[in-house]
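Structure first, then comments.
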Amino acid sequence: MFRPVLSKLFLGLLMGVTLASEPASAEVNDAALMSARPAKLLSEYGLFSDAAHQAPAEGVLPYTLINPLFTDYAHKFRFVYVPKGRKARYDNTEVMRFPVGTVLVKTFAYPADFRVPEENIQIIETRLLIHQERGWNAWAYVWDDAQGDAVLKVAGKTLPVSWIDEAGAEQSTNYVVPNKNQCKGCHTFDKAFTPIGPKARNLNRDFKYASGSANQLDHWASLGLLQGAPASAEAPKAPDVTDAGASLDGRARAYLDINCAHCHRLEGPASTSGLFLTAGEDNKTTWGYKKRPVAAGRGSGGLAYDIMPGEPDNSILVYRLNSVDPGVMMPEVGRTIVHDEGVALLKEWIASIE
Amino acid sequence: MKKRLLALCATFFVAFSVPAFAQGTVISIEPGDGVQEALQEALILAEPGSVIELAAGRYDFTGPLSLDIANITVRGAGMNETVLSFTNQTTGSEGLLITAGGARIESLAVEDTPGDGIKAKGVDTVTFKDVRVEWTRGPHAENGAYGLYPVESKNVLIDGCVVKGASDAGIYVGQSQQIIVRNSRAELNVAGIEIENSYFADVYDNVATHNTGGILVFDLPNLPQMGGHSVKVFRNTVVANDTPNFAPPGNVVATVPMGTGIMIMANREVEVFENDLSDNASTNILLVAYPRDYNDPTYNPLPRAVYVHDNKHGRAGFAPDKAVKDIIAPITGLPVPQVVWDGAVDGFWSAFFGPDAEDAIYIREPMGTTFANLQMVKDMILPWGASPDFDIDDYDGSVPSREPVSLPQDQ
């Protein structure tokens, strides 16, 4: 379930689009995107030529990440739109410096059966991160049952979802669409609203474009969408957390990096904890090694340290990732069920730490 | 959602009666179905400076609330009249999260959150006035950690509030600066009021009773803001803190002995005066170093420049708990004195001759107050050990009182 099936999924959808009888109008509505008032319907932005099949409009580029943030096993479709003539500036460590007018689009969906992920996909929500003159703004659009369009939800929503997992077992949960403030709960960097995912180390992988497979950083640069980027071979690259051939330490730190470090860093919402989980953090205590909890309350589970070397079951980190109790669980938002594979990875890692 | 509620949320009318927000609007919310969405929507869409009024009644929430618009007042009809219940909360690690400055929360109650009650993170200017946060089943390890929880904030005012049942601290101000906690009541928490890793805090005219520990002033290592200093704790009533410690182990408050009145750990420039202390079974006032191992070269684990004076002492130390029972009572005998300093100092010289004047511990309490300096460091240095110093007069002296904390929202 860890394995990204998105590119495959996307290709499947593209095929769906080519079969569709008439491509809808496919022009991005920049004025709607730059308006202080969000559009009521997702379709008003013109980001898709066929939204129900997640086929993007012209100029809206699909992308994927080496390691996705875990969101209740939802499958995700990601797109970036940069207005014609503008460029993002490359950053080696943090998120690309996207120009005003940029939109990052993320759609969350559940195939009815994860063993055939291209079929019977229920689209739940599409989140937009829009870079407006006054900074980034976030809106969530929840899809109607007919999958015709998605409606703005400012205050969030809880939706029952169910699927059959890759092992054939029935799964279900109450999926939580975040409200605007909860979006900010993770997307804050030095008090400013900021994207999380599109960092060089997480984008540096191939993607199957309609024109053929290419490295995303190279492709973005060749499209003129990104300036200042080194050749992808020179750019940092996170290990794939599912790649058993990569180092355990690298994978575990990459997992923490994408799932935790947007909050757990000095510039993030969990700065107060002093537990910083960016992949580059090299102070042992700071990344949790025998670090005592500060304001964990019952989140400590009665344990003394965030990471107790060699003892995953005596580590607060594992305890909190393994919980769905709102007073205990981490992350605080974005999941309602336990990410078993993630917990297994971290347990294996902590067991290996001396 | 009920039509009535939609109409209510949409009812924006100008309020001429609120001088602080003369140009703001008032948004009225009433309890009922869909109130989670109605209130959250109001909290997101309100114009800066607006007042959100919550009518009397009981509000049930299944998820958290959050406020990220500047200068918003959320006002109920009274701490027993407007009750925000989170008994059925299934998501979110606090009841209400505030991330915008100028917030004022007033005259309402937050009950039974699985996590923290109300948290304010990284804000400039936040006021809690006549707010109650309570876990209604009483002390329980499964209660949320903090009741009122401003952190990394500045200009924090907590006035006339009541917090009961927190499994860590009822009123907890962490990594903040310019703080007033007054006229409030902390009861049945592990720590009643805790000021941690903070600068410039005045804690006065509060009642802390039936907690494990009444009022704590702490500084912890490995945090973005360390070196807690400039804290005044005065005119508080700190009596009968007699609830067994129910904090989950691992947290530092889990080590607080039952019956600790006021505890100062690893801070400098702390003044403790004119408090009324009695029936605290471990001790009334405890001055100690951070007791655990740490690896943070910038951290100072000692209490320094502490001035304790003119407190009124009743019965104390008659049934010590935890470290006071295991380490202190064997040295001092029973009852444990009303004021205890562990005598942990920085280095050899200080162990024998006392800390430098600017770091000294001064005690000037009413005649008859019992005291012990445990001389822990001297005891470790000397092969034959050191006995405690019970002579309170050895610590006589005074430090000028710092100017009161002055907050922009409290003029």
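Readers should treat all values here as calculations from the given coordinates under stated rules, not as data from a laboratory. Here the structure is a predicted model, which means the values were calculated and not measured. Positions of Cβ are generated from backbone atoms using ideal geometry, with glycine treated the same way; all protein chains shown enter the neighbour counts.
Filter A:Lys180/A:Lys237; A:Lys191/B:Lys119; A:Lys106/A:Lys180; A:Lys180/B:Lys119; A:Lys76/B:Lys119 down to the pairs with a C-alpha to C-alpha distance above 21 Å, please.
Check vs 21 Å cut-off fails for A:Lys180/A:Lys237; A:Lys76/B:Lys119.
Suppose we look only past 19 Å in the calculated P(r) of region B:28-92. What percent of the Cα-Cα pairs does that tail hold? Present the calculation step by step, with values, prior to reporting the outcome.
On the way: 592 of 2080 pairs.
So the pairs more than 19 Å apart make up 28 percent of the total in region B:28-92.
Tell me, what ³J(HN,Hα) does each residue in region A:224-240 have, in order and in whole Hz, if you take phi through Karplus 6.51 cos²θ - 1.76 cosθ + 1.60 with θ = phi - 60° and put x for Gly and Pro?
x, 8, 10, 10, x, 7, x, 4, 4, 5, 8, 8, x, 9, 6, x, 6
Using amide H atoms built 1.01 Å from N in the peptide plane, name the residues 5+ places from B:Asn206, or on other chains, whose amide H lies under 5 Å from its own.
B:Asn183, B:Ser184, B:Asn236, B:Thr237
If you average the sequence gap of Cα pairs under 8 Å that are 6 or more apart and divide by the length of region A:248-352, what percent do you get for the contact order?
Details: 160 pairs, mean separation 20.6, N = 105.
Dividing the mean separation by the residue count of region A:248-352 yields 20 percent.
Karplus couplings for region B:115-127 from phi (6.51 cos²θ - 1.76 cosθ + 1.60, θ = phi - 60°), rounded to Hz, Gly and Pro as x?
x, 6, x, 10, 10, 10, 10, x, 10, 9, 6, 9, 10
Please report, in Å, the Rg and the Dmax of region A:248-352, where both are computed over Cα atoms only.
Both quantities, over Cα of region A:248-352: 12.2, 31 Å.
Under a point spin-label approximation (7 Å from Cα along Cα-to-Cβ), what is the A:Gln132-A:Ala167 distance to one decimal in nm?
So the two model labels end up 4.5 nm from each other.
Taking the Cα centroid of region A:170-243 and of region B:216-258, what is the distance between the two, rounded to the nearest whole Å?
Region A:170-243 and region B:216-258 have Cα centres separated by 42 Å.
When only C-alpha pairs under 8 Å and at least 6 residues apart count, what is the relative contact order of chain B, in percent? Before the final figure, lay out each step's value.
Numbers: 1319 pairs, mean separation 33.1, N = 411.
Taking the mean separation of contacting Cα pairs over the length of chain B, I get 8 percent.
Where does each of A:Glu125, A:Glu166 land when they are ranked from fewest to most other beta-carbon atoms within 10 angstrom? Before the final figure, lay out each step's value.
On the way: A:Glu125 24, A:Glu166 15.
Going from least to most buried by this count: A:Glu166, A:Glu125.
Taking every Cα atom in chain B, find the radius of gyration and the maximum pairwise distance Dmax, and write them in Å.
Gyration radius and largest Cα-Cα distance of chain B: 22.4, 81 Å.
Rounded to the nearest whole Å³, what is the per residue volume of the convex hull around the Cα atoms of region B:44-136? Working shown, then result.
Details: hull volume 7.5 nm³, N = 93.
Hull volume normalised by residue count: 81 Å³.
Non-local amide H neighbours of B:Asp219 (under 5 Å, H modeled in plane, Pro and chain starts lacking H): which ones?
B:Asn197, B:Met265
Among A:Leu128, A:Leu345, which comes first, then next, by fewest other beta-carbon atoms within 10 Å? Spell out each step's value before the answer.
Details: A:Leu128 23, A:Leu345 20.
By the 10 Å Cβ count, ascending, the order reads A:Leu345, A:Leu128.
What trypsin sites (Lys or Arg not before Pro) in region B:266-322 are in a loop by DSSP, with at most 15 other Cβ atoms within 10 Å of the Cβ?
Details: sites: B:Arg268, B:Arg292, B:Arg304, B:Lys312, B:Arg315, B:Lys322; in loops: B:Arg292, B:Arg315.
Qualifying residues, ordered by number: B:Arg292, B:Arg315.
Of A:Leu275, A:Leu225, A:Leu41, which is the most mobile in a GNM of chain A whose springs link Cα atoms less than 10 angstrom apart?
A:Leu41
If you average 1/r across every pair of different Cα atoms in the protein assembly as shown and take the reciprocal, what Kirkwood value do you get, in Å?
Kirkwood radius, the protein assembly as shown: 27.8 Å.
Per residue of region A:189-197, what does 6.51 cos²θ - 1.76 cosθ + 1.60 with θ = phi - 60° give for ³J(HN,Hα)? Whole Hz please, x for Gly and Pro, Karplus curve as stated.
For region A:189-197, the Karplus-derived couplings read 10, 6, 6, 9, 5, 9, x, 10, x Hz, x marking Gly and Pro.
From Cα coordinates alone, what are the radius of gyration and Dmax values for chain A in angstrom?
My reading of the Cα-based Rg and Dmax gives 19.9, 62 Å.
How big is region A:190-258 on each of its three principal axes, counting only the C-alpha atoms and giving the largest first in Å?
Between the extreme Cα coordinates on each principal axis of region A:190-258 lie 37, 35, 22 Å.
Mind checking which lysines have their C-alpha under 21 Å from A:Lys290, skipping anything on the same chain fewer than 8 residues away?
A:Lys347
Using only the Cα atoms, what convex hull volume per residue in Å³ does region B:167-263 have? Could the numbers behind the result be given before it?
Numbers: hull volume 7.1 nm³, N = 97.
Per residue, the Cα convex hull of region B:167-263 comes to 74 Å³.
Can you pull the Kirkwood radius for region B:236-371, inverse mean 1/r over Cα pairs, to one decimal in Å? Numbers along the way, then the final one.
Details: mean 1/r = 0.0651 Å⁻¹.
Every distinct Cα pair counted, the radius reaches 15.4 Å.
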